[in-house]
Amino acid sequence: MVNQTMAGLGKKRSVIRELFEYGKIRAEQIGRENVFDFSLGNPSIPAPPSVNAALKEIIDGTDSVELHGYSSAQGDLSVRRSVASSINRRFGDNTTEILIYMTCGAAASLRISFSALVEEGDELIAFAPCFPEYKVFAESAGAKYTLLPSDRESLQIDLSVLEGAISERTKIVLVNSPNNPSGVIYSEETIEGLCALLKRKEKEYAHPIYLVADEPYRELTYGKQVPYLMNYYDDTLVCYSWSKSLSLPGERIGYIALCKRMAEKEDVYAAICGAGRALGYVCAPVLFQKLVERCGEDAADIGAYRKNRDLLLSGLREAGYTCIEPDGAFYLFVKALEDDEVAFCERAKEYELLLVPGGDFGSPGYVRIAYCVSYKQIKKSLPAFRKLAEAYQGESHELHC
Ligand code: PLP
């Protein structure tokens, strides 16, 4: 008999992956250009030219044994130094290289952090809408997963809901800004309120409550600042990745950074090293550690996502859809045109529109559109969105404008 929880996870693929596979089949049947696949957050903008140039230099200039060998489990020292100094230069004097742990992307950063922090019976709180894998990562690390609703209008964290839900067993509060799937950036006011509440609760319960910042979209913003959480709260861990900023999701490279003012930082860092070991990660890919040492502050052409956002947002609003204007990431969270968003997504497939139901993100009634596709595809998809809306109007469904 195999582990039934794991077998369940393996058999039930995520809705996003199911849609992505469906899109591939449809593309074979009717041509890729005729399928409007908005399912997956796979960057469409190429990595900046500095990436390939640096890779060539590293490959040509590094001894082959070193290039393909293991690094220290926590990452190469000079790479961690460069990450720490980049954080300090950009966000204030927050961390040191001994508090950086290189990982295989944000997913690994999160899973390692949860295992490092959670003990039997501890609770992790997240805010809907959010990345569905949080539940998988939290529960497989042994945490009780609690998902709280956000403010209905703004999708900012609802502090009164959090105050009512937080308890002595809360060990981790997890935030993701810019947010997948809404594109919302938590305002400084939200972050100040959140951190004041957590500080009060830490005192009341006399133990740390860790704030875990999931930041794969930090660099993907359209004007608004993303507050750096270590500047507001000492017990902060930042889970970062270059998957989106450098368009390298397949290369699996990221880090965990701890605030140097964290009360139990040595123990937390040791537990992170232990969790990475127990989970069998060994070390982050060495070639890409070297790469981010050279061009970790570069970014793909984010302006292209902004153009996509503007076209899609105005096109959908004109067609009568309601959506929150995203300030970052490359997702649009749109109100479905009927209460059952799964039925709405099925209906959208008739127009070759592949949209992800919001229930998976903890917010039924909405759908996610990943606009990290080509501008041309978005332009071509707008008549399909219009026809879908007209089909509902024809049936006198109420449009939520
Ligand atoms: N967190 C969020 C909110 C994401 O959207 C993703 C990927 O899409 C991840 C984490 C995982 O990113 P990575 O590729 O760095 O593991």
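The values are calculated or read from the model by the stated rules, or taken from the named source; none is laboratory data. Keep in mind the model is a prediction, meaning the values are calculated, not measured. Ideal geometry is used to build each Cβ from the backbone, glycine not excepted, and the neighbour counts take in all protein chains shown. Side chains are part of the model used for accessible areas, which takes the heavy atoms of the whole protein and leaves out ligands, DNA and RNA. Shrake-Rupley method; radii C 1.70, N 1.55, O 1.52, S 1.80 Å.
Things worth noting here:
- Cα gyration tensor shape of the range 1-140, rounded if a/c is under 1.5, else prolate or oblate by comparing a/b with b/c: oblate
- Average Cα contact separation per residue, the chain, under 8 Å, 6 or more apart, as relative contact order %: 23
- Inter-probe distance in nm under a simple model that places probes 7 Å from Cα toward Cβ, at E28 and K144: 4.7
- Here the average projected area of the convex hull drawn through the C-alpha atoms of the chain stands at 20.9 nm².
- Restraint check, K144/K307; K199/K307; K135/K260; K244/K376; K11/K144, Cα-Cα greater than 31 Å: K144/K307; K199/K307
- Label-to-label distance, nm, for residues given as R277 and E188 (7 Å Cα→Cβ offset): 4.3
- In a fully extended conformation the segment linking S314 and E119 would gain 65.5 nm over its present Cα-Cα distance, using 0.36 nm per residue.
- Length available on full extension from H68 to R200: 0.36 nm per residue minus the Cα-Cα distance, which gives 42.7 nm.
- Sulfur and carbon atoms: percent of accessible area, the range 49-295 [1.4 Å]: 50
- Extending 7 Å from the Cα toward the beta-carbon at both E352 and S14 defines two label points whose distance is 2.6 nm.
- Over the chain, DSSP H runs of length four or greater, each weighted -39,500 (n - 2.57), average out per residue to a 222 nm ellipticity of -13500 deg cm²/dmol.
- The gain in end-to-end length when the R169 to V342 segment is fully stretched comes to 58.9 nm, 0.36 nm per residue minus the alpha carbon separation.
- Accessible area in square angstrom per residue, the chain, 1.4 angstrom probe: 44
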